[in-house]
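Only one structure is covered here, and it is reproduced in the block below.
The values are calculated or read from the model by the stated rules, or taken from the named source; none is laboratory data. Just so we're clear, the structure is a prediction, and the values are computed from it rather than from any experiment. Using ideal geometry, Cβ is built from the backbone for each residue, glycine included, and neighbour counts are taken over all protein chains shown.
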Amino acid sequence: MSIAKFLAFPAVFAIFLAACGEVDGEFEDISSSSNYGANSSSSFDIGLEWMPPPDSSFVHGAVQITLDTFYISKNLITQNQYKKVMGENPSKVKKDTLPVDGVTWFKAVEFCKKLSLLMGLDSNAVKLPTEAEWEYAAIPGVIQRNYDYWEWTNDCWDARFPYEENNPSGPPNCPASANKVCKGFNKEFEERPATDPYSKEIKGSYISFRVVLKKKSKRNF
């Protein structure tokens, strides 16, 4: 069955609307390639610039964290990129080059799943970044932040962060309907509002997102 036909079955695709998880197996090193689609088994490419994790260490408070290696999109997902995958543009102000906004957490997760399949990868290959992954990339400036937007993360909200030292990803056994962590608005680094996953904005401000591609190999920092 082709990907297009598979995505046409909403009842089947609803199964995938859990958090974008990790994917088993290894991916080739993509740090030297701006467009991973060119290296995958599919020619589908929306022009993402994948950034490798930084070489500098990241310690949150007094906690040293261990993460699997990952690649993160340098910029927020644009309206044009979102349209190529989802076939719609929910943004308030329409402009292809602006970050997409008005996207619920569930829609961001759906984008991850569809993009993974369209790229010819496992449905969990592309995901939303965890809070720890976002911070690790944001501290040394690996990612390009847009201070007009909050950004969805994959994590359920909990007052405790990090929840664990190895690949922290929020509290365990958290339902999809639980509040999620948003990051990045207005140059704030530590702010992490508990946000309803059905929300399309936070107190009148925009919510957008970026994505992560996992590579299964341990890395300490």
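Any residue at all in the stretch 45-57 that is more than 23 Å from residue 123 (Cα to Cα), modelled with pLDDT of 85 or more and either out of contact with any strand residue (DSSP E or B) (no Cβ under 9 Å at 6 or more places or on another chain) or not hydroxyl-bearing (Ser, Thr, Tyr) (or both)? Scanning the stretch 45-57, I find no residue that is more than 23 Å from residue 123 (Cα to Cα), modelled with pLDDT of 85 or more and either out of contact with any strand residue (DSSP E or B) (no Cβ under 9 Å at 6 or more places or on another chain) or not hydroxyl-bearing (Ser, Thr, Tyr) (or both), so the answer is no. Residues that are farther than 19 Å from residue 147 by Cα, surrounded by 15 or more Cβ atoms within 10 Å (Cβ to Cβ) and in contact (Cβ under 8 Å) with a residue 60 or more places away in the chain are absent from the stretch 77-89 altogether. For the stretch 122-142, the set of residues classified as buried (at least 21 other Cβ atoms within 10 Å of the Cβ) and among the hydrophobic types (A, V, I, L, M, F, W, C) consists of 125, 126, 128, 132, 134, 137, listed by residue number.
Looking across the stretch 166-201, the residues that are surrounded by fewer than 20 Cβ atoms within 10 Å (Cβ to Cβ) and among the basic types (Lys, Arg) come down to 187, 200. Report yes if some residue within the stretch 48-65 is β-branched (Val, Ile, Thr), more than 12 Å from the chain's Cα centre (by Cα) and not in a loop (DSSP other than H, G, I, E, B); otherwise report no. Scanning the stretch 48-65 turns up at least one residue that is β-branched (Val, Ile, Thr), more than 12 Å from the chain's Cα centre (by Cα) and not in a loop (DSSP other than H, G, I, E, B).
Do we find a residue being assigned to a strand (DSSP E or B), at pLDDT 95 or above and of a type outside the set (D, E, K, R) anywhere in the stretch 154-167? Within the stretch 154-167 (the criterion being assigned to a strand (DSSP E or B), at pLDDT 95 or above and of a type outside the set (D, E, K, R)), the answer is yes, since at least one residue qualifies. Mind listing whichever residues of the stretch 186-205 are modelled with pLDDT of 95 or more, within 17 Å of residue 146 (Cβ to Cβ) and either touching a Leu at 6+ places or on another chain (Cβ under 7 Å) or among the hydrophobic types (A, V, I, L, M, F, W, C) (or both)? Within the stretch 186-205, 202 is the sole residue that qualifies.
Within the stretch 159-202, restricting attention to residues that are closer than 19 Å to residue 127 by Cβ and among the charged types (D, E, K, R), the residue that is farthest from the chain's Cα centre (by Cα) is 164. Each residue in the stretch 93-130 was checked for being touching a residue at least 40 places away in the same chain (Cβ under 8 Å) and in a loop (DSSP other than H, G, I, E, B), and 15 pass.
Scan the stretch 155-168 for residues that are touching a Gly at 6+ places or on another chain (Cβ under 8 Å) and among the polar types (S, T, N, Q) and the total you get is 0. Across the stretch 187-213, the number of residues qualifying as free of Cβ contacts under 8 Å to residues at least 40 places away in the same chain and under 25 Å from residue 65 (Cβ atoms) comes to 4.
When 105, 157 are checked against the criterion of being surrounded by 16 or more Cβ atoms within 10 Å (Cβ to Cβ) and either of a type in the set (Lys, Arg) or closer than 21 Å to residue 75 by Cβ (or both), a single residue qualifies: 105.
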